[in-house]
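Written out below as structure tokens is the structure these notes cover.
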Amino acid sequence: MICLIEPASRSVGMFVPAYPLPLIELASFIKARRPFVELQVVSVPFDYGLPLSAGGRDRVVSSLVDDLQSLRPEAVGISCTAIAQAEEAMVLAERIREQLPKTFIFMGGYFPTLYAEEILDRTGAVDALVEGEGEAACLAIVDAVEKGLDPRAQGAPNLVWRQDGRVQRTPRAPRFDLREKGRLDLKLLKSPGAFDVTPYAFSRGCPFGCTFCMEESMRPRRLSVPDDLVSEDLHHLAGFSRNQTLLVSDALFKSFHLLPLLREIGLRINFETRCDVLDPRILGKNADVIQALALGFESASYETLRRMNKLADRDHYRRYLAGARAIFQAADAAGIPIMVFMIAGFPGDSEEDLQATLSFAESLASSARGPGGFLFKIGECHVYPKTRLYDLARRLPGVVFDEDGVFGQNVVRKPSENLSFETVLDYAGRTFRLSRPSKKLERILRQMMPFFRLPAAALRDDMIVDKCCLDGDREVFDVRSDSLARFRERLPFLLDRHRQTQTAERETRQLDL
């Protein structure tokens with residue numbers, strides 16, 4: 001038995017569910033090549049509940065570990081996609097190690113790829129980390145442990161571990177050939193009927209190399225899943241899931257030629273892309289298929305976009321802004337809800353840079369007439385070690401950020417000498433308040449992110465019926481599909497009651513653990 005585990009993600013003020021698409025892809029790949037190996041994909045929040053307190057987290061983890069003791073897996077793999085999962089992934093590894101000392105425990109994802117040494121410094125519970133893509137490494141791990149062997153001694157690729165105080169690594173495998181991808185096998189999930197969102201990836205990687213993005217450390221080139229495999233996957237998903245909307249998980253979605261296939265199958269799509277990639281003419285022709293789109297816009301300032309490495313030159317800048325405006329207006333005309341993602345207070349920003357973004361957002365808002373609605377999602381900047389953004393922030397004069405290390409928030413407090421954090425927050429608030437979220441957009445947001453900016457206290461509100469919780473103390477929330485349906489019925493009232501805390505500063509929304 002091999003068990004692959006997706007932990008909950010630790011958001012600013014609470015835990016949130018994470019959908020185990022990468023683990024399903026790994027498990028499906030392994031099962032297609034080793035059909036007699038027992039595999040199970042566990043999503044901690046969907047299979048065991050979402051903790052609302054320290055006691056709730058202990059109950060959830062204990063239940064998982066109890067089940068693992070019964071299964072006695074030869075290996076346990078833990079997903080760790082980002083900082084939001086890092087603490088929980090290590091807590092799981094340590095608890096599993098206590099009860100299953102002979103089980104091979106490994107961890108992979110974006111975070112271990114970028115911060116392998118830091119994880120190994122923090123915990124000794126992990127036998128090995130997987131750097132980069134996981135297919136070749138996981139298949140080699142499965143082959144080794146099924147024979148009772150140590151994968152590290154068998155030359156499994158992409159592994160890193162510490163031995164006798166020194167970090168050891170095996171060679172990196174070539175980029176995974178997506179023509180070898182296995183068809184998604186949702187029967188490998190512990191609770192396949194628990195999910196009310198269907199994530200899917202049409203591609204992996206991104207060539208743009210934006211300064212603030214970790215994709216470059218993982219997959220610096222975009223590779224597409226072959227169309228025939230996409231077709232197989234989507235037909236399977238449409239027949240398996242009650243939800244008929246795909247949440248695209250691509251680093252860069254540009255598989256627009258497949259929209260007619262989605263129409264044929266009866267699927268709709270939510271995706272994020274760039275304003276210099278998406279042709280706005282696509283939107284009006286496919287408004288029945290595109291449920292919502294997000295635009296990774298980030299800023300309207302030429303200087304800021306250059307520091308972000310999103311532009312080549314001034315001509316690219318003009319095309320970038322023109323593309324964003326054309327996409328926004330086309331979505332508005334087609335009634336497609338649109339979210340425009342922006343970053344406030346990027347290292348090196350001046351007040352003029354923030355004003356450029358605010359003015360552009362004002363011009364977009366003033367042009368909107370359609371029923372789809374729009375949201376300007378703008379947040380403060382975070383600087384993480386071992387990234388190009390960290391080097392930039394350290395190099396630019398006057399930049400101040402919280403140096404919390406790889407496990408912290410690392411918020412930029414002063415983007416430049418004369419720009420305060422309070423001014424950044426003021427511009428971010430003014431930009432956000434230009435949003436006009438329609439009922440359709442709010443419904444889509446709550447489908448994709450049901451706990452978006454909702455404080456943890458709201459999930460223990462008496463307004464929520466007991467059936468939404470998994471225990472009498474209301475310390476573990478049930479996020480399976482039926483329970484979420486009940487929760488969403490009460491959500492508008494919860495938002496009204498907790499709106500002041502919902503929009504408060506990050507430090508006032510911390511989950512007490």
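State the label only: which of (i) 143; (ii) 177; (iii) 195 corresponds to volume of the Cα convex hull per residue in Å³ computed from the shown model?
Computed from these coordinates, volume of the Cα convex hull per residue in Å³ corresponds to label (i).
Calculated from DSSP H runs of 4 or more alone, at -39500 (n - 2.57) each and per residue, what is the 222 nm mean residue ellipticity of the chain, nearest 500?
-12000 deg cm²/dmol
Less than 17 Å apart at the alpha-carbon level, and either on another chain or at least 8 residues along: which lysines does that give for K190?
K31
Given Cβ point charges of +1 (Lys, Arg) and -1 (Asp, Glu) and nothing else, what value in debye, to the nearest 20, does the dipole of the chain about its Cα centre take?
1140 debye
List residues of the range 408-428, by number, whose backbone nitrogen lies under 20 Å from a label position 7 Å along Cα→C-beta of F341.
Inside the label zone: 408-412, 428.
In nm, what is the difference between 0.36 nm times the number of residues separating D228 and K147 and their Cα-Cα distance?
Net length gain for the segment: 25.7 nm.
Quantify, in whole percent, the carbon and sulfur part of the accessible surface of the chain (1.4 Å probe; protein heavy atoms only).
Working: 10400 of 21240 Å².
Ligands and nucleic acids excluded, carbon and sulfur give 49 percent.
When the Cα centres of the range 1-73 and the range 408-428 are compared, how far apart do they sit, in Å?
Computed from Cα coordinates, the inter-centre distance equals 37 Å.
Let me know the volume per residue of the alpha-carbon convex hull for the range 51-143, in Å³.
In the range 51-143, the Cα hull volume divided by residue count equals 94 Å³.
What whole-number value in Å² describes the accessible area per residue of the range 180-248 for a 1.4 Å probe?
Value for the range 180-248: 40 Å² per residue.
If we count every other residue with Cβ under 11 angstrom of D67's Cβ, Lys/Arg +1 and Asp/Glu -1, where does the sum land?
Local charge sum for D67: 0.
Cα-Cα over 22 Å: which of K310/K377; K181/K386; K377/K467; K386/K414?
Where the Cα-Cα span goes over 22 Å, the pairs concerned are K181/K386; K377/K467.
Run the reach check for K187 against aspartates and glutamates, Cα to Cα strictly under 13 Å, same-chain hits fewer than 8 apart removed. What comes back?
Output for K187: E25, E38.
The values are calculated or read from the model by the stated rules, or taken from the named source; none is laboratory data. Given the structure is predicted, the values throughout are model-derived calculations rather than measurements. All Cβ positions, glycine included, derive from the backbone under ideal geometry; neighbour counts span all protein chains shown. Note: accessible area is taken over every heavy atom of the protein model, side chains too, but ligands, DNA and RNA are not part of it. Shrake-Rupley method; radii C 1.70, N 1.55, O 1.52, S 1.80 Å.
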